[in-house]
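Note sheet for the following structure.
What follows draws every value from the coordinates through simple rules; no lab data is involved. Computed from a predicted structure; not experimentally measured. Heads up, the Cβs are rebuilt from the backbone with ideal geometry, glycines too, and the neighbour counts pull from every protein chain shown.
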Amino acid sequence: MAGPPVIIWKDEVERLLRYRDLVPRLEEALGKFSRRDSAEVIQPVRSTVPLQKHRGFMGLMPTYMENDGVLSTKLVCFYDRKKGSSLPATQATVVLLDPEYGNVKAVMDGEVITRMRTAAASAISAKLLMRPDAEVLAILGSGHQALSHYNVFTEMFSFKEVRVWSRTRKWVEKFCQSVSGPVKICDSVEEAVRGADAIVTVTRCTEPVLFGQWVKPGAHVAAVGACRPNWRELDDVMMKEAVVYTDSREGAMAESGDIILSGAEVFAELGEVINGTKPAHRDKTTVFKSLGMGVEDAVSAELVFQASRFKESSSRGNLLSSSRM
């Protein structure tokens, strides 16, 4: 008989989820998604409900991985906040269900999962598409996603210099105090990206902020913000001169203003590169347009749930051993 759902709060998710575990699982999941095998992954395009009064949307992101026995959905609210707003740009909750019984197994804070799986997907894109001799990383934005991207990119790659730009000085200064290594604060986007080998855009911008004329040939861009069909971070020159990759073609064509409004062609999904059905053009300028997928949340939530169960069983074992002493 199904028991009550496990509640896993934000601080516990932070303790249990690690990039060293998440990245390989996400890489495997991206490959499964791109095979379009319904026994591997069933994932409809995210459905959204407008929150007009609050300049936002609520998104629903269900996923079923039949072979892996994973069923989940994420409920996420995301907003176009006014400059200087102290309100969060996103809020999320992930629900994990038992696919056989249909009951809820776990409800967990989705904020950390969203940050980490998004950053991990960007890092996978860099692993596949960034030149191996990359030395300079530029991050546009200074919020939670900027920090998560800094953490995984510096964990997985060795950069000689990390630059950051943000519209708000106090936030970029807070960002620099939060990271574990030296960061150069730049006064303009152009200063940040000129000569950079890898560029991460994690802004709240709804109009282009990164212009292709500033980006050196052969650079890799992970474009994470602008998740609505009328929002953009990258200009037409950037989109049309680069080889464009994404997580989901369907998601990109429904939600990415950078792709829809520029008319840029999606060359491949990351999963197709992972599966070996499409090449990785490391020698060219590349853009990975990230929209985020339910399968990424499903894999992340399952990792957290299993780690929580292991921790609980280990604690019970220790208590049992202590009682026998």
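Just a few scattered comments:
- Scanning the chain for GluC sites (Glu not before Pro) lying in DSSP loops with no more than 15 further Cβ atoms inside 10 Å, the longest uninterrupted stretch between such sites is 136-264.
- Inter-part distance where the range 170-234 and the range 130-151 are each reduced to a Cα centre, Å: 8
- Mean separation of Cα contacts under 8 Å (6+ apart) over length of the chain, as relative contact order %: 19
- Computed about the Cα centre, the dipole magnitude for the chain is approximately 840 debye when only Lys and Arg (+1) and Asp and Glu (-1) carry charge, each at its Cβ.
- Too-long pairs where the Cα-Cα distance tops 18 Å, listed order kept, from K127/K289; K127/K284; K127/K174; K83/K170: K127/K174
- Equivalent ellipsoid semi-axes - Cα gyration tensor, the range 209-301, angstrom: 20, 17, 11
- Ordering A280, G251, T73 by Cα displacement along the dipole of the chain toward the positive end leaves T73 in first place; charges were set at the Cβ atoms of Lys, Arg (+1) and Asp, Glu (-1).
- Helix-only mean residue ellipticity at 222 nm for the chain, each DSSP H run of n ≥ 4 adding -39500 (n - 2.57), per residue, nearest 500: -11500 deg cm²/dmol
- Distance between the pseudo-spin-label points of E191 and R167 (7 Å out from Cα toward the beta carbon): 1.9 nm.
- Loop-located trypsin sites (Lys or Arg not before Pro) in the range 77-177 whose Cβ has at most 13 other Cβ within 10 Å (DSSP): K82, K83, K160
- Considering only Cα atoms, the convex hull volume of the range 115-293 works out to 97 Å³ per residue.
- Taking 0.890 mPa s as the viscosity and 25 °C as the temperature, the Stokes-Einstein diffusion coefficient of the range 101-142 based on its alpha-carbon Kirkwood radius rounds to 185 µm²/s.
- Taking a ≥ b ≥ c as the square roots of the eigenvalues of the alpha carbon gyration tensor, the range 155-196 is oblate, as a/c is not under 1.5 and a/b does not beat b/c.
- Total formal charge among the other residues, if their Cβ is under 14 angstrom from that of Y19, Lys/Arg +1 and Asp/Glu -1: +2
- Working note: Cα gyration tensor of the chain, eigenvalues times five, square-rooted, sorted largest first, giving semi-axes of 33, 22, 20 Å.
- Gyration tensor verdict on the range 5-157 (Cα atoms; rounded if a/c is under 1.5, prolate if a/b is larger than b/c, oblate otherwise): oblate
- Net charge of neighbours whose Cβ lies under 14 Å from the Cβ of V304, counting Lys and Arg as +1 and Asp and Glu as -1: 0
- Only one residue of L129, S158, S262 has its Cα farthest out toward the positive end of the dipole of the chain, where Lys and Arg carry +1 and Asp and Glu -1 on Cβ, and that residue is S158.
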